[in-house]
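What follows is a short report on a single structure.
The values are calculated or read from the model by the stated rules, or taken from the named source; none is laboratory data. Small disclaimer: the values here were computed from a predicted structure and weren't measured. Note that we place each Cβ from the backbone using ideal geometry, even for glycine, and neighbour counts take in every protein chain shown.
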Amino acid sequence: MVVERKFINDLVIKNNISKYLEKAFAKAGFSRVDIQKTPVITRVTAYVANPGRAIGRGGETIDMVTEDIKKKFGIENPQISIAEVSNQRLEPRLVAKYIATSLERGVNARRLLHTVIKEIMESGALGAEITANGKLAAKGARAKSIKVRLGYLPKAGNVARLVDEAKIASYPKYGAIGVQVRIVQPDTKFPAGTTKKIALPKSIAAATTR
């Protein structure tokens, strides 16, 4: 019971730190955080699209974040490091933010989702799913949902925990839209025979927002 309580507390702290870093590194394109505890230090690695903005001039931003994490979350001797994401189309939070921003600019939702999931799969993902819910049409239209899904994407069981996920809200002028992105990373290991290479449907293969 004590172990379970500690596990839950660790998850809550990680979630709270993630929310804090998302605000602190908003201009740097924050994607996710990895936290590793050792007997001596707590390593906090923030993955961002623009490391320079996260570090700040002379390291002032990273120094401020380190002090905040000490005070706000009671973590002794945190060691903060910044890592650049290797492929933005494989980062669910960055993909969701891109979609949210594009929807706010008035980009056609269905075409946008088809284009983005195509780019995700071409980046090597084993599976991906993008869902947009809300006011996806002009003023006065009913709220609806658009979902596109490709590849292997488990929904239940232990393997479902291997799927990376992010949710972002978009606020175009017609009303709020919820965007959910789920991605199975290229190096994810599943039981033999559960995954296979798929061909893109014609509607998605030809999709482009340009």
For GLY59, are the conditions met, namely being out of contact with any strand residue (DSSP E or B) (no Cβ under 7 Å at 6 or more places or on another chain), on the phi > 0 side of the Ramachandran plot, at pLDDT 90 or above and not hydrophobic (A, V, I, L, M, F, W, C)?
yes
Some residue of the range 137-150 being over 19 Å from GLY175 (Cβ atoms), out of contact with any helix residue (DSSP H, G or I) (no Cβ under 7 Å at 6 or more places or on another chain) and assigned to a strand (DSSP E or B):
yes
Inside the range 155-172, the number of residues satisfying the requirement of being in a loop (DSSP other than H, G, I, E, B) and in contact (Cβ under 8 Å) with a residue 12 or more places away in the chain is 3
Checklist (1) within 27 Å of ILE168 (Cβ to Cβ); (2) surrounded by 15 or more Cβ atoms within 10 Å (Cβ to Cβ) applied to LYS23, failing item
(2)
Under the condition of being among the polar types (S, T, N, Q) and under 21 Å from LYS202 (Cβ atoms), which residue from the range 96-120 is surrounded by the fewest Cβ atoms within 10 Å (Cβ to Cβ)?
ASN108
Can you name the residue in the range 28-57 that is in contact (Cβ under 8 Å) with a residue 12 or more places away in the chain, within 21 Å of ILE13 (Cα to Cα) and of a type in the set (S, T, N, Q) and, of all such residues, is surrounded by the most Cβ atoms within 10 Å (Cβ to Cβ)?
SER31
Before we move on, is THR131 farther than 24 Å from ALA26 by Cα, of a type outside the set (Phe, Trp, Tyr) and at pLDDT 95 or above?
no
Filter the range 1-32 down to residues that are at pLDDT 85 or above and of a type in the set (Asp, Glu), then give me how many there are.
1
